[in-house]
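Read through the structure below, which is laid out as C-alpha coordinates, and then see the notes.
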Amino acid sequence: MKTMIRIGAVAAASALALAACASAPEDEPTEETTTGAETSETAAPAEDVDFMACMVSDAGGFDDKSFNQSAYEGLERAVAELGITKAEAESTSDSDYGPNLEAQVAAGCDLIITVGFLLSQATVDSALANPDVSYAIIDDLADNDFDGTTDAPNIKPITFETDEAAFLAGYAAASASTTGTVGTFGGIEIPSVTIFMTGYQAGVEYYNEQNDADVQVLGMDSFSGDFDDQSQGTNITNGFLDQGADIVMPVAGPVGLGAASAIQSAGDAWLIGVDSDWTQTAPEYADIVFTSVLKNIGNSVFDTIESTVNDGFVADPYVGTLENEGVGVADFAEGTVSDDVIAALDEISAGIIAGDIEASGAAE
(Lines give C-alpha, C1' and ligand atoms only; values in the text may rest on other atoms or scores of the structure.)
Protein backbone atom coordinates (compact mmCIF):
# COMPACT_ATOMS: atom_id res chain seq x y z
CA MET A 1 0.00 0.00 0.00
CA LYS A 2 1.34 3.46 -0.86
CA THR A 3 1.80 5.87 2.02
CA MET A 4 1.18 9.61 2.05
CA ILE A 5 2.63 12.27 4.29
CA ARG A 6 2.35 16.00 4.20
CA ILE A 7 5.64 17.68 3.26
CA GLY A 8 6.43 21.33 3.92
CA ALA A 9 9.42 21.89 1.69
CA VAL A 10 7.60 23.90 -0.95
CA ALA A 11 5.73 26.13 1.44
CA ALA A 12 8.89 26.75 3.42
CA ALA A 13 10.88 27.56 0.31
CA SER A 14 8.66 30.41 -0.81
CA ALA A 15 5.32 32.13 -0.53
CA LEU A 16 4.37 31.19 -4.06
CA ALA A 17 1.29 29.12 -3.19
CA LEU A 18 2.79 25.71 -3.79
CA ALA A 19 1.03 24.46 -0.69
CA ALA A 20 -2.51 24.86 0.59
CA CYS A 21 -3.17 28.47 1.43
CA ALA A 22 -5.70 27.93 4.20
CA SER A 23 -7.24 25.01 5.93
CA ALA A 24 -10.94 24.42 6.31
CA PRO A 25 -12.57 25.72 9.48
CA GLU A 26 -12.02 23.37 12.39
CA ASP A 27 -15.67 23.22 13.38
CA GLU A 28 -18.10 21.18 11.33
CA PRO A 29 -21.31 22.90 10.22
CA THR A 30 -23.74 23.06 13.11
CA GLU A 31 -26.88 22.94 11.01
CA GLU A 32 -28.11 20.48 8.42
CA THR A 33 -28.03 21.83 4.88
CA THR A 34 -31.54 22.38 3.57
CA THR A 35 -33.16 22.70 0.18
CA GLY A 36 -34.94 25.89 1.14
CA ALA A 37 -33.82 29.18 2.67
CA GLU A 38 -33.84 28.17 6.31
CA THR A 39 -31.49 30.38 8.31
CA SER A 40 -29.06 29.16 10.96
CA GLU A 41 -26.50 30.84 13.18
CA THR A 42 -23.21 29.53 14.51
CA ALA A 43 -20.87 30.77 17.21
CA ALA A 44 -19.86 34.35 16.38
CA PRO A 45 -17.60 37.08 17.74
CA ALA A 46 -18.74 39.26 20.59
CA GLU A 47 -20.93 41.41 18.37
CA ASP A 48 -23.20 39.96 15.73
CA VAL A 49 -23.31 41.71 12.39
CA ASP A 50 -26.62 42.55 10.71
CA PHE A 51 -25.74 40.82 7.46
CA MET A 52 -27.01 37.61 5.90
CA ALA A 53 -24.85 35.77 3.36
CA CYS A 54 -26.59 33.02 1.43
CA MET A 55 -25.51 30.23 -0.89
CA VAL A 56 -27.12 28.01 -3.51
CA SER A 57 -25.31 24.82 -4.52
CA ASP A 58 -25.43 23.17 -7.90
CA ALA A 59 -26.82 19.64 -8.21
CA GLY A 60 -23.67 18.15 -6.67
CA GLY A 61 -24.71 19.36 -3.22
CA PHE A 62 -22.63 20.73 -0.38
CA ASP A 63 -21.03 17.37 0.40
CA ASP A 64 -19.59 16.82 -3.09
CA LYS A 65 -15.99 16.70 -1.77
CA SER A 66 -15.25 19.39 -4.35
CA PHE A 67 -16.12 23.01 -5.07
CA ASN A 68 -19.60 23.09 -3.48
CA GLN A 69 -18.13 21.79 -0.24
CA SER A 70 -15.22 24.24 -0.38
CA ALA A 71 -17.58 27.13 -1.00
CA TYR A 72 -19.79 26.13 1.91
CA GLU A 73 -16.76 25.96 4.21
CA GLY A 74 -16.02 29.57 3.28
CA LEU A 75 -19.58 30.53 4.19
CA GLU A 76 -19.30 28.72 7.51
CA ARG A 77 -16.03 30.49 8.23
CA ALA A 78 -17.67 33.86 7.56
CA VAL A 79 -20.43 33.03 10.02
CA ALA A 80 -17.92 31.99 12.68
CA GLU A 81 -15.44 34.83 12.24
CA LEU A 82 -17.56 37.78 11.11
CA GLY A 83 -20.68 37.23 13.21
CA ILE A 84 -23.05 37.23 10.24
CA THR A 85 -26.00 34.92 9.69
CA LYS A 86 -26.44 32.56 6.76
CA ALA A 87 -28.99 30.76 4.69
CA GLU A 88 -28.31 27.96 2.24
CA ALA A 89 -30.21 26.08 -0.43
CA GLU A 90 -28.95 22.74 -1.67
CA SER A 91 -30.01 21.88 -5.21
CA THR A 92 -30.59 18.31 -6.36
CA SER A 93 -31.30 19.12 -10.01
CA ASP A 94 -31.21 22.11 -12.34
CA SER A 95 -34.94 22.61 -11.82
CA ASP A 96 -34.14 23.67 -8.24
CA TYR A 97 -31.97 26.63 -9.19
CA GLY A 98 -34.68 29.21 -9.85
CA PRO A 99 -36.87 28.30 -6.85
CA ASN A 100 -33.86 28.15 -4.53
CA LEU A 101 -32.76 31.60 -5.62
CA GLU A 102 -36.29 32.91 -5.11
CA ALA A 103 -36.24 31.46 -1.59
CA GLN A 104 -32.98 33.22 -0.81
CA VAL A 105 -34.33 36.55 -2.02
CA ALA A 106 -37.47 36.05 0.07
CA ALA A 107 -35.28 35.27 3.11
CA GLY A 108 -33.79 38.77 2.89
CA CYS A 109 -30.25 37.82 1.93
CA ASP A 110 -27.77 40.67 1.59
CA LEU A 111 -25.44 38.63 -0.62
CA ILE A 112 -26.37 35.48 -2.54
CA ILE A 113 -23.49 33.29 -3.72
CA THR A 114 -24.20 30.66 -6.36
CA VAL A 115 -21.82 27.77 -6.92
CA GLY A 116 -20.84 26.92 -10.46
CA PHE A 117 -21.56 27.68 -14.09
CA LEU A 118 -24.71 25.56 -14.08
CA LEU A 119 -26.40 28.31 -12.09
CA SER A 120 -25.23 31.07 -14.43
CA GLN A 121 -28.48 31.79 -16.25
CA ALA A 122 -30.61 31.37 -13.13
CA THR A 123 -28.32 33.78 -11.29
CA VAL A 124 -28.55 36.36 -14.06
CA ASP A 125 -32.34 36.05 -14.19
CA SER A 126 -32.62 36.48 -10.43
CA ALA A 127 -30.18 39.40 -10.37
CA LEU A 128 -32.02 41.25 -13.12
CA ALA A 129 -35.32 40.70 -11.32
CA ASN A 130 -33.87 41.88 -8.00
CA PRO A 131 -31.49 44.76 -8.75
CA ASP A 132 -31.23 45.73 -5.07
CA VAL A 133 -29.84 42.31 -4.08
CA SER A 134 -26.12 41.57 -4.45
CA TYR A 135 -24.93 38.32 -6.03
CA ALA A 136 -21.66 36.48 -6.57
CA ILE A 137 -21.10 33.41 -8.72
CA ILE A 138 -18.25 30.94 -8.44
CA ASP A 139 -16.44 29.68 -11.53
CA ASP A 140 -18.39 31.70 -14.06
CA LEU A 141 -18.41 35.18 -15.55
CA ALA A 142 -22.24 35.26 -15.82
CA ASP A 143 -21.78 36.33 -19.45
CA ASN A 144 -24.37 34.18 -21.16
CA ASP A 145 -24.58 36.34 -24.28
CA PHE A 146 -20.76 36.16 -24.63
CA ASP A 147 -20.31 39.88 -25.17
CA GLY A 148 -17.43 40.11 -22.72
CA THR A 149 -19.38 41.65 -19.82
CA THR A 150 -21.33 40.23 -16.91
CA ASP A 151 -25.03 40.16 -17.77
CA ALA A 152 -26.22 41.97 -14.62
CA PRO A 153 -24.47 44.81 -12.78
CA ASN A 154 -25.16 43.29 -9.35
CA ILE A 155 -23.21 40.05 -9.93
CA LYS A 156 -19.60 39.60 -8.84
CA PRO A 157 -17.81 36.77 -10.70
CA ILE A 158 -15.39 34.68 -8.64
CA THR A 159 -12.92 33.06 -11.04
CA PHE A 160 -9.61 31.22 -10.85
CA GLU A 161 -6.56 30.89 -13.07
CA THR A 162 -6.29 27.20 -12.25
CA ASP A 163 -4.07 26.61 -15.26
CA GLU A 164 -1.26 28.21 -13.24
CA ALA A 165 -1.49 25.61 -10.48
CA ALA A 166 -2.25 22.75 -12.87
CA PHE A 167 0.94 23.63 -14.77
CA LEU A 168 2.90 22.92 -11.59
CA ALA A 169 1.06 19.65 -11.06
CA GLY A 170 1.72 18.61 -14.65
CA TYR A 171 5.43 19.32 -14.36
CA ALA A 172 5.63 17.35 -11.11
CA ALA A 173 3.59 14.48 -12.54
CA ALA A 174 5.87 14.24 -15.56
CA SER A 175 8.88 14.11 -13.26
CA ALA A 176 7.34 11.36 -11.13
CA SER A 177 5.83 9.13 -13.83
CA THR A 178 7.63 5.83 -14.14
CA THR A 179 5.82 4.86 -17.34
CA GLY A 180 6.20 8.12 -19.25
CA THR A 181 2.41 8.39 -19.59
CA VAL A 182 -0.06 10.45 -17.56
CA GLY A 183 -3.73 11.24 -18.10
CA THR A 184 -6.50 13.73 -17.51
CA PHE A 185 -10.19 14.04 -18.36
CA GLY A 186 -13.04 16.43 -17.69
CA GLY A 187 -16.67 16.26 -16.71
CA ILE A 188 -18.20 18.69 -19.22
CA GLU A 189 -16.21 20.56 -21.88
CA ILE A 190 -16.45 24.06 -20.43
CA PRO A 191 -13.72 26.65 -19.74
CA SER A 192 -13.67 26.13 -15.96
CA VAL A 193 -12.86 22.45 -16.62
CA THR A 194 -10.59 22.65 -19.64
CA ILE A 195 -8.42 25.33 -18.01
CA PHE A 196 -7.17 22.66 -15.59
CA MET A 197 -6.46 20.27 -18.44
CA THR A 198 -4.60 22.74 -20.63
CA GLY A 199 -2.45 23.92 -17.73
CA TYR A 200 -1.66 20.31 -16.81
CA GLN A 201 -0.67 19.46 -20.38
CA ALA A 202 1.44 22.62 -20.62
CA GLY A 203 3.27 21.66 -17.44
CA VAL A 204 4.07 18.21 -18.83
CA GLU A 205 5.29 19.74 -22.09
CA TYR A 206 7.46 22.21 -20.20
CA TYR A 207 9.01 19.33 -18.26
CA ASN A 208 9.73 17.58 -21.55
CA GLU A 209 11.37 20.69 -22.96
CA GLN A 210 13.48 21.34 -19.90
CA ASN A 211 14.56 17.75 -19.35
CA ASP A 212 14.74 16.30 -22.87
CA ALA A 213 11.91 13.91 -21.95
CA ASP A 214 8.89 12.56 -23.81
CA VAL A 215 6.11 12.11 -21.26
CA GLN A 216 2.74 11.70 -22.98
CA VAL A 217 -0.64 13.09 -21.83
CA LEU A 218 -3.75 10.99 -22.48
CA GLY A 219 -7.32 12.28 -22.45
CA MET A 220 -7.22 15.88 -23.57
CA ASP A 221 -10.39 15.22 -25.56
CA SER A 222 -11.99 12.95 -22.94
CA PHE A 223 -15.11 14.07 -21.04
CA SER A 224 -17.51 12.03 -18.95
CA GLY A 225 -20.50 14.15 -19.99
CA ASP A 226 -21.58 15.15 -16.48
CA PHE A 227 -20.35 15.56 -12.92
CA ASP A 228 -22.42 12.81 -11.35
CA ASP A 229 -21.85 9.38 -12.94
CA GLN A 230 -18.90 7.92 -11.07
CA SER A 231 -18.93 4.81 -13.24
CA GLN A 232 -17.83 7.01 -16.15
CA GLY A 233 -14.83 8.11 -14.12
CA THR A 234 -13.96 4.49 -13.41
CA ASN A 235 -14.30 3.47 -17.04
CA ILE A 236 -12.27 6.36 -18.45
CA THR A 237 -9.52 5.89 -15.89
CA ASN A 238 -9.31 2.15 -16.46
CA GLY A 239 -8.80 2.93 -20.14
CA PHE A 240 -5.90 5.24 -19.26
CA LEU A 241 -4.37 2.64 -16.94
CA ASP A 242 -4.61 0.03 -19.70
CA GLN A 243 -2.58 2.41 -21.90
CA GLY A 244 0.14 2.74 -19.27
CA ALA A 245 -0.84 5.94 -17.47
CA ASP A 246 0.34 5.98 -13.86
CA ILE A 247 -0.90 9.45 -12.79
CA VAL A 248 -4.41 10.69 -13.66
CA MET A 249 -6.08 14.05 -12.98
CA PRO A 250 -9.91 13.94 -13.24
CA VAL A 251 -11.55 17.38 -13.48
CA ALA A 252 -15.08 16.17 -12.99
CA GLY A 253 -16.35 16.75 -9.46
CA PRO A 254 -17.85 13.58 -7.94
CA VAL A 255 -17.06 11.67 -11.16
CA GLY A 256 -13.46 11.91 -9.98
CA LEU A 257 -14.30 9.56 -7.13
CA GLY A 258 -14.84 6.87 -9.75
CA ALA A 259 -11.37 7.58 -11.06
CA ALA A 260 -10.00 7.31 -7.53
CA SER A 261 -11.68 3.94 -7.07
CA ALA A 262 -10.09 2.62 -10.28
CA ILE A 263 -6.65 3.86 -9.29
CA GLN A 264 -6.90 2.46 -5.79
CA SER A 265 -7.92 -0.92 -7.18
CA ALA A 266 -5.01 -0.89 -9.63
CA GLY A 267 -2.56 -0.31 -6.79
CA ASP A 268 0.26 1.08 -8.94
CA ALA A 269 -0.95 4.54 -9.99
CA TRP A 270 -1.64 7.96 -8.52
CA LEU A 271 -4.53 10.44 -8.54
CA ILE A 272 -4.32 14.22 -8.74
CA GLY A 273 -7.28 15.83 -6.99
CA VAL A 274 -8.77 19.16 -8.02
CA ASP A 275 -10.48 22.08 -6.31
CA SER A 276 -9.64 20.97 -2.75
CA ASP A 277 -7.01 18.82 -1.03
CA TRP A 278 -8.32 15.32 -1.58
CA THR A 279 -6.32 13.89 1.29
CA GLN A 280 -8.69 15.94 3.45
CA THR A 281 -11.96 15.86 1.51
CA ALA A 282 -11.69 12.24 0.34
CA PRO A 283 -9.52 10.65 3.05
CA GLU A 284 -10.53 7.15 1.95
CA TYR A 285 -8.32 7.75 -1.08
CA ALA A 286 -5.48 9.58 0.67
CA ASP A 287 -3.06 6.72 0.02
CA ILE A 288 -3.26 7.23 -3.77
CA VAL A 289 -3.31 11.06 -3.93
CA PHE A 290 -0.16 12.39 -5.62
CA THR A 291 -1.19 16.01 -5.01
CA SER A 292 -4.22 18.25 -5.56
CA VAL A 293 -4.65 21.34 -7.70
CA LEU A 294 -6.19 23.78 -5.27
CA LYS A 295 -8.83 26.27 -6.16
CA ASN A 296 -9.04 28.07 -2.84
CA ILE A 297 -12.77 28.64 -3.09
CA GLY A 298 -13.29 28.83 0.65
CA ASN A 299 -10.85 31.73 0.86
CA SER A 300 -12.50 33.52 -2.06
CA VAL A 301 -15.97 33.14 -0.55
CA PHE A 302 -14.81 34.41 2.83
CA ASP A 303 -12.93 37.34 1.26
CA THR A 304 -15.93 38.28 -0.87
CA ILE A 305 -18.27 38.23 2.12
CA GLU A 306 -15.81 40.09 4.34
CA SER A 307 -15.20 42.85 1.80
CA THR A 308 -18.94 43.24 1.21
CA VAL A 309 -19.64 43.46 4.94
CA ASN A 310 -16.85 45.96 5.55
CA ASP A 311 -16.79 48.05 2.38
CA GLY A 312 -20.03 47.38 0.55
CA PHE A 313 -20.67 45.34 -2.56
CA VAL A 314 -18.36 45.76 -5.56
CA ALA A 315 -19.07 43.81 -8.76
CA ASP A 316 -15.46 43.74 -9.96
CA PRO A 317 -14.41 40.10 -10.50
CA TYR A 318 -12.30 38.23 -8.00
CA VAL A 319 -9.57 36.32 -9.85
CA GLY A 320 -7.60 33.71 -7.91
CA THR A 321 -3.96 33.33 -9.02
CA LEU A 322 -0.71 31.91 -7.71
CA GLU A 323 0.30 35.44 -6.78
CA ASN A 324 -2.69 36.10 -4.52
CA GLU A 325 -2.82 32.48 -3.31
CA GLY A 326 -6.22 31.95 -4.89
CA VAL A 327 -4.81 28.78 -6.50
CA GLY A 328 -1.96 26.44 -5.62
CA VAL A 329 -0.97 22.81 -5.24
CA ALA A 330 -1.09 20.64 -2.14
CA ASP A 331 1.90 18.75 -0.79
CA PHE A 332 3.14 15.75 -2.72
CA ALA A 333 3.01 12.10 -1.73
CA GLU A 334 6.06 10.87 0.11
CA GLY A 335 8.97 9.93 -2.08
CA THR A 336 7.39 10.98 -5.39
CA VAL A 337 8.99 14.38 -6.02
CA SER A 338 12.70 15.08 -5.60
CA ASP A 339 14.23 18.12 -3.95
CA ASP A 340 15.48 19.22 -7.38
CA VAL A 341 11.93 19.19 -8.74
CA ILE A 342 10.66 21.11 -5.70
CA ALA A 343 13.29 23.75 -6.40
CA ALA A 344 12.32 23.82 -10.07
CA LEU A 345 8.66 24.31 -9.10
CA ASP A 346 9.62 27.34 -7.04
CA GLU A 347 11.34 28.84 -10.06
CA ILE A 348 8.46 27.96 -12.37
CA SER A 349 5.92 29.49 -10.01
CA ALA A 350 7.95 32.69 -9.90
CA GLY A 351 8.14 32.64 -13.69
CA ILE A 352 4.39 32.25 -14.05
CA ILE A 353 3.75 35.10 -11.63
CA ALA A 354 6.24 37.31 -13.47
CA GLY A 355 4.64 36.46 -16.82
CA ASP A 356 7.78 34.79 -18.13
CA ILE A 357 6.14 31.35 -18.35
CA GLU A 358 2.77 30.94 -20.08
CA ALA A 359 0.43 28.59 -18.22
CA SER A 360 -1.74 28.17 -21.36
CA GLY A 361 -5.15 29.09 -20.02
CA ALA A 362 -7.45 31.94 -19.04
CA ALA A 363 -9.37 32.83 -15.92
CA GLU A 364 -12.87 31.39 -16.10
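The table that follows gives values for the structure above.
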item: For the chain: accessible area per residue (Å², 1.4 Å); result: 39 Å²
item: V293 accessible area, 1.4 Å probe, all protein chains in place, Å² to nearest 10; result: 0 Å²
item: Antiparallel bridges, percent of DSSP beta bridges restricted to region 170-312 (to nearest 5); result: 0 percent
item: Heavy-atom SASA rank of E334, E161, E102 (probe 1.4 Å, accessible area, largest first); result: E102, E334, E161
item: Computed over region 187-290, Cα set: Rg, Dmax in Å; result: 13.2, 39
item: Kyte-Doolittle mean at least 1.0, axial Cα span of 15 Å or more - DSSP H helices of the chain; result: 255-266, 339-354
item: Region 257-322-region 171-236 distance, computed between alpha-carbon centres (Å); result: 17 Å
item: Cleavage-rule hits, chymotrypsin sites (Phe, Trp or Tyr not before Pro), region 293-364, DSSP coil, Cβ neighbours within 10 Å at most 12; result: none
item: Sites D48 and D340 - FRET efficiency at Förster radius 35 Å, r taken between beta-carbons, to 0.05; result: 0.10
item: Accessible surface of the chain [probe 1.4 Å, protein heavy atoms]: carbon and sulfur percent; result: 45 percent
item: Value of [θ]222 nm, deg cm²/dmol, for the chain, DSSP H segments ≥ 4, -39500 (n - 2.57) each, nearest 500; result: -12000 deg cm²/dmol
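The values are calculated or read from the model by the stated rules, or taken from the named source; none is laboratory data. None of the values given here were measured: they were computed from a predicted structure. Cβ sites come from the backbone with ideal geometry, for glycine too, and all protein chains shown count toward neighbours. The area values use the complete protein model at the heavy-atom level, side chains included, leaving out ligands, DNA and RNA. Shrake-Rupley method; radii C 1.70, N 1.55, O 1.52, S 1.80 Å.
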